[in-house]
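The values are calculated or read from the model by the stated rules, or taken from the named source; none is laboratory data. In this text the structure is predicted, and so the values were computed from the model without any measurement. SASA here: full protein model, heavy atoms, side chains in, ligands and nucleic acids out. Shrake-Rupley method; radii C 1.70, N 1.55, O 1.52, S 1.80 Å.
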Amino acid sequence: MLGTILDVVFVAMIILAVAVVEEKNLVNAVVKYSLLSLLFILALFELRAPDVALSAIVVGAIVIGIFLFTIEEVTR
């Protein structure tokens, strides 16, 4: 059961990673990146690594905030 869930999460991560790279709108790319980060954190919890998942949550939140702030500043 766990292998099937991880397989689905990994395939979804690959699809989202390609979608992030191919996205032309930067804000939409950041939203897709945040979904990719969420799937990564889900995979870490499924692999029984909650400490790494919590670290990924913090780092992901900071990176997404920096991305959005930078996009806002550049488009002015």
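Summary of computed values
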item	result
Sulfur and carbon atoms: percent of accessible area, the range 1-63 [1.4 Å]	77 percent
The chain - accessible surface per residue (Å², probe 1.4 Å)	71 Å²
Of [x] 26, 16, 5; [y] 18, 15, 13; [z] 28, 16, 8, the label for semi-axes √(5λ) of the Cα gyration tensor in Å derived from the coordinates	[x]
